[in-house]
Structure formats: structure tokens, C-alpha cells
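A quick write-up on the structure given underneath.
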Amino acid sequence: MSVESSQERLIRRGAIYPIVTAGAVVMLFPLLWTLSTSLKTIDQVTTLRIDLIPHPIAWWNYIDLFHVAPVLRYLRNTMVVVAASMFGGVVVCSFIGYGFARVSFRGRELLFMILLSTMMLPGVVQLIPLFVIFDRLGWTGTFLPLVVPRLLGHNPFYIFLLRQFFRSVPMELSDAARIDGCSEFCIWWRVVMPISKPVLAAIAIFSFQYAWNDFLSPLVYLGSNQKLWTLALGLNAFRSFEGQQTSTHYLMAMSVLMIIPVLIVFAIGQREFVRGVVMSGIRG
């Protein structure tokens with residue numbers, strides 16, 4: 001009977017692996033095509049032949065890219081937004097989530113339900129009211145609309161995820177810390193945060209990816225101020241610099257440069273990321 005079960009498993013795996021492999025190839029083909037095009041010359045790009053491995057391989061496209069566009073300035077501007085997003089997501093949202101999960105106060109559940117209700121509003125619906133507010137504050141054309149809301153923990157989903165995780169932490173740890181004279185801030189920082197690395201890693205990855213790939217917010221609030229453009233805006237406006245039409249191979253090279261950091265961050269924190277998302281749903 002064990003032999004039959006092992007044979008069934010082999011047959012099942014033999015049927016599943018080709019399907020999974022085919023799906024992986026389909027999903028990876030656009031990425032491979034982007035990488036291949038970024039290593040082609042302009043003549044190879046315009047040809048009708050499909051060559052995933054170009055000959056010759058134009059590695060110099062990535063060097064020329066920094067002369068064609070101010071990539072380093074775009075990168076610096078993007079990192080400012082990313083740093084604000086990660087700080088607000090990891091530190092500020094965790095502090096708010098701790099309050100909803102571990103501190104009893106009047107109206108806590110009602111306030112939390114109001115917070116969750118904001119997740120049901122599409123971002124496009126909030127776009128015009130937020131723009132009017134920031135414009136009257138004189139913030140448009142600056143980093144402030146992109147940085148300040150993120151520093152204040154603007155994403156209710158992060159708060160929800162952290163709150164769910166903090167509710168799974170045994171209350172005995174907090175009680176023991178209170179007996180030792182710790183305040184709520186001290187318990188949050190020294191007791192709860194060190195054992196919350198999985199969910200914090202998940203929030204950090206979410207924050208990084210969202211801020212790194214964000215296109216709409218910089219487009220609306222930064223406008224035509226090219227000195228403040230992020231990588232997403234620079235990639236979109238990469239068609240023309242100094243009156244010269246930018247070629248497709250440079251466009252793909254910049255796309256690859258935008259993809260690589262996201263892949264690296266996810267590869268480093270994928271284990272903690274999965275643990276954080278799974279463990280956040282243990283306790284409601």
C-alpha cells in the first residue's frame with residue numbers, strides 16, 4: 001500500500017511540475033525580455049528577430065544611462081520617500097497598532113472600526129481632497145505631501161496587520177514588565193518590538209515596495225519640478241532629454257535598475273515576510 005501511495009505521489013508530482021514550470025516561464029518571460037532588451041544595441045532593438053541572448057551584449061548601456069538621464073538624482077529623491085515610508089510603517093504604525101492591541105481606553109473598538117473603514121475608500125477618491133489640502137498648505141511642488149503623511153503612519157493596513165500580531169503576544173510579558181516598573185512606551189519598545197521581527201519585516205517590505213514603485217503621488221504633487229522627480233517619474237519621462245529621443249534599450253536598462261532593489265529586499269526578507277503575514281492572522 002505504501003508502494004502504491006508513493007507511486008501516486010510520483011505521478012501527481014510528474015503532472016504538477018510541468019504545469020508549474022510552464023507558469024513560471026510565462027511569468028518570468030517579461031522580466032527576461034526586459035533584461036535582454038537592456039543589453040541590446042539600437043539596431044538589435046529595432047529588428048524583428050526575437051533574440052533573448054543578444055550578440056554582442058551591450059553592457060555599456062548601463063554606463064551610458066547615467067549620462068543620458070540624472071539617475072543618481074532620481075535615486076536620491078526616491079530614497080528620501082522610501083526612508084519616510086519605512087520609518088512611518090515600521091515605527092509609527094507599530095506604536096499605533098500597539099495602542100489598539102494592548103492598551104484599553106474608551107472607544108478603542110469604535111475608533112479601530114473607523115480606521116478600518118478608511119481602507120474601503122479607493123485612493124483615487126481621496127486624491128482631489130488631499131491635493132486641495134496640500135495645495136492650500138503650500139506643500140505642492142515639494143517633498144512634504146510625499147514625506148509627512150508617510151512619517152505619520154498613513155497606511156491603515158499596516159496598523160491592522162501589526163495590531164493582529166500584537167494581540168498574539170502573551171499578556172504575561174507585559175504584566176511582568178509593569179511589575180518591574182516599565183511604562184507602556186518601554187513595554188512597546190523593549191518587550192514587544194524585539195519579538196515582532198517577522199511582522200516588522202513584512203511591513204518594511206510592503207513600505208519599501210509601495211514607496212519605491214509609487215508613481216501617482218509624485219506625479220500629482222511634484223508636477224514639473226524635475227529636481228524632485230523620483231525614479232518612477234524619471235522612468236515615465238525617459239522618452240526625451242535635452243531634445244534627444246531616448247532609445248528603448250536605455251528605457252529597459254532603467255527598468256532593470258528599478259526592479260533589482262525590490263528583488264533584493266524581498267529575497268533577503270522573504271522568510272520573515274511570510275512568517276509575519278501568517279502569524280498576524282493567528283488571533284482576531
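Here is how the numbers come out for the structure above:
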read-out	value
Residues being surrounded by 14 or more Cβ atoms within 10 Å (Cβ to Cβ), among the hydrophobic types (A, V, I, L, M, F, W, C) and not in a helix (DSSP H, G or I) - total across the stretch 119-147	2
Selection status of ARG150, farther than 20 Å from VAL82 by Cβ, part of a helix (DSSP H, G or I) and not aromatic (Phe, Trp, Tyr)	no
Options ILE63, ILE57: the member that is among the aliphatic types (A, V, I, L, M) and surrounded by fewer than 12 Cβ atoms within 10 Å (Cβ to Cβ)	ILE63
The stretch 92-126 - residue that is free of Cβ contacts under 8 Å to residues at least 24 places away in the same chain and under 24 Å from the mean Cα position of the chain (by Cα) and, of those, farthest from LEU235 (Cα to Cα)	SER117
Which listed residue, of PRO56, PRO30, is outside any helix (DSSP H, G or I), more than 22 Å from VAL148 (Cβ to Cβ) and either out of contact with any strand residue (DSSP E or B) (no Cβ under 7 Å at 6 or more places or on another chain) or free of Cβ contacts under 8 Å to residues at least 60 places away in the same chain (or both)	PRO56
Residues of the stretch 16-54 that turn out to be surrounded by 10 or more Cβ atoms within 10 Å (Cβ to Cβ), over 13 Å from THR248 (Cβ atoms) and modelled with pLDDT under 80, as a count	2
Residue check, SER104 among the polar types (S, T, N, Q), within 28 Å of SER183 (Cα to Cα) and either part of a helix (DSSP H, G or I) or touching a helix residue (DSSP H, G or I) at 6+ places or on another chain (Cβ under 9 Å) (or both)	no
Matching entry among GLY123, GLY99 (being within 30 Å of ALA202 (Cβ to Cβ), of a type outside the set (Lys, Arg) and either in contact with a strand residue (DSSP E or B) (Cβ under 6 Å, 6 or more places away or on another chain) or modelled with pLDDT under 90 (or both))	GLY123
Inter-residue pairs, beta-carbon under 9 Å, first surrounded by 21 or more Cβ atoms within 10 Å (Cβ to Cβ) and in the stretch 206-218, second among the acidic types (Asp, Glu), 6+ apart	none
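The values are calculated or read from the model by the stated rules, or taken from the named source; none is laboratory data. The structure presented is a predicted model; accordingly, all values stated were derived computationally and were not measured. For neighbour counting, all protein chains shown are included, and Cβ atoms are generated from backbone atoms with ideal geometry for every residue, glycine included.
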